[in-house]
1. Pairs please, first residue from the range 119-131 and over 15 Å from Pro19 (Cα atoms), second anywhere and in a helix (DSSP H, G or I) and basic (Lys, Arg), Cβ atoms under 8 Å, 6+ apart in sequence or on different chains.
2. Within the range 1-18, can you find the residues that are surrounded by fewer than 21 Cβ atoms within 10 Å (Cβ to Cβ) and either farther than 30 Å from Ser117 by Cα or not aliphatic (A, V, I, L, M) (or both)?
3. Return the residue satisfying two criteria in turn: it lies in the range 76-120 and is aliphatic (A, V, I, L, M) and modelled with pLDDT under 80, and of such residues it is surrounded by the fewest Cβ atoms within 10 Å (Cβ to Cβ).
4. From Arg184, Arg198, grab the single residue that is of a type outside the set (A, V, I, L, M), modelled with pLDDT under 90 and closer than 19 Å to Ser31 by Cβ.
5. Quick one: which of Ala205, Ala173, Ala167 is touching a helix residue (DSSP H, G or I) at 6+ places or on another chain (Cβ under 9 Å) and over 21 Å from Phe41 (Cα atoms)?
6. Which one is surrounded by the fewest Cβ atoms within 10 Å (Cβ to Cβ) among residues in the range 160-188 that are of a type in the set (S, T, N, Q) and outside any loop (DSSP other than H, G, I, E, B)?
7. For the structure I just gave you, tell me whether Ala143 is part of a helix (DSSP H, G or I), within 13 Å of the chain's Cα centre (by Cα) and surrounded by 15 or more Cβ atoms within 10 Å (Cβ to Cβ).
8. Return a yes/no flag: does the range 208-220 have any residue that is outside any helix (DSSP H, G or I) and either more than 17 Å from Phe41 (Cβ to Cβ) or without any contact (Cβ under 8 Å) to a residue 60 or more places away in the chain (or both).
Amino acid sequence: MGQAIGQLLPFAAVVVLSPFPIVAVVLVLSSPRARTNGPAFLLGWFGGIAVVGIVLLAIAQTVNPSNDGEPADWVSSLKLVLGLALCYLAIGQWRGRPGAGDEVETPGWMHAVDDFSALKAAGAAVVLSLVNPKNLLLIVGAAATEAQFGLSTGDQIVVWLVFTFVASLGVLAPVVVYFTMGDRATELLEGLRVWMTRNNKAVMAVLFVVIGVKLIGDAISGFSS
């Protein structure tokens, strides 16, 4: 189980550093309903990743993800496709990064967070965690990696919950700062939001390359074993 957790941590680290969820939760924490919507956003984020991962793992078990302790060919093929897709996305992210004098705009829906109910805040978090194709690729890659270890159902759930917790730290941290630092949190969170917004594409490009190359390497290793 420890080896599986170790293999999933790089995926979780990329999800943690995804800028848009952090920007979104900071905006939620700047809204009039921050004390309810902030925790709701966190729960939506955590719940979305936890549930979809458990569903993916259950599906993977029906098609035999491992072969005598080695990943099945379909797992290696999936990793290869995901790795190539992430490298392709990395190129687009890098080319689309803003120049020094360019103004960076946040998505239109983020301007409506002041009117969010707790349910809408949780729903927005679910969308960012799962419907976002970049995050979904990482979650699928993590689930495929975990499935190959052939763990028991209970161990799989524990490993995935650890992954989900680590992947949620980027959203959890601003919520903790908001509730523990009082007035000082406003300036700190606003600085974080501005930096993440401006450097979103460059950060994701680097992270996508790292994980993409890892997945391609794992796929090659799986095919040759």
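The values are calculated or read from the model by the stated rules, or taken from the named source; none is laboratory data. These numbers were taken from a predicted model, which means no experiment stands behind them. So basically every Cβ, Gly included, is an ideal-geometry build from the backbone, and we count neighbours across all protein chains shown.
1. Pairs that qualify, where the first residue is over 15 Å from Pro19 (Cα atoms) and the partner is in a helix (DSSP H, G or I) and basic (Lys, Arg): there are none.
2. Residues of the range 1-18 surrounded by fewer than 21 Cβ atoms within 10 Å (Cβ to Cβ): 1-3, 5-7, 9-10, 13, 16-17.
Answer for the range 1-18, where residues must be surrounded by fewer than 21 Cβ atoms within 10 Å (Cβ to Cβ) and either farther than 30 Å from Ser117 by Cα or not aliphatic (A, V, I, L, M) (or both): Met1, Gly2, Gln3, Ile5, Gly6, Gln7, Leu9, Pro10.
3. Per the stated criteria, the residue is Ala100.
4. On the way: Arg198 fails: closer than 19 Å to Ser31 by Cβ.
Arg184 is the lone residue from the list that is of a type outside the set (A, V, I, L, M), modelled with pLDDT under 90 and closer than 19 Å to Ser31 by Cβ.
5. After applying the criteria, what remains is Ala205.
6. Result: Thr180.
7. Values: part of a helix (DSSP H, G or I): yes; within 13 Å of the chain's Cα centre (by Cα): yes; surrounded by 15 or more Cβ atoms within 10 Å (Cβ to Cβ): yes.
The answer is yes for Ala143.
8. Residues of the range 208-220 that are outside any helix (DSSP H, G or I), as a first pass: none.
Taking every residue of the range 208-220 in turn, none turns out to be outside any helix (DSSP H, G or I) and either more than 17 Å from Phe41 (Cβ to Cβ) or without any contact (Cβ under 8 Å) to a residue 60 or more places away in the chain (or both).
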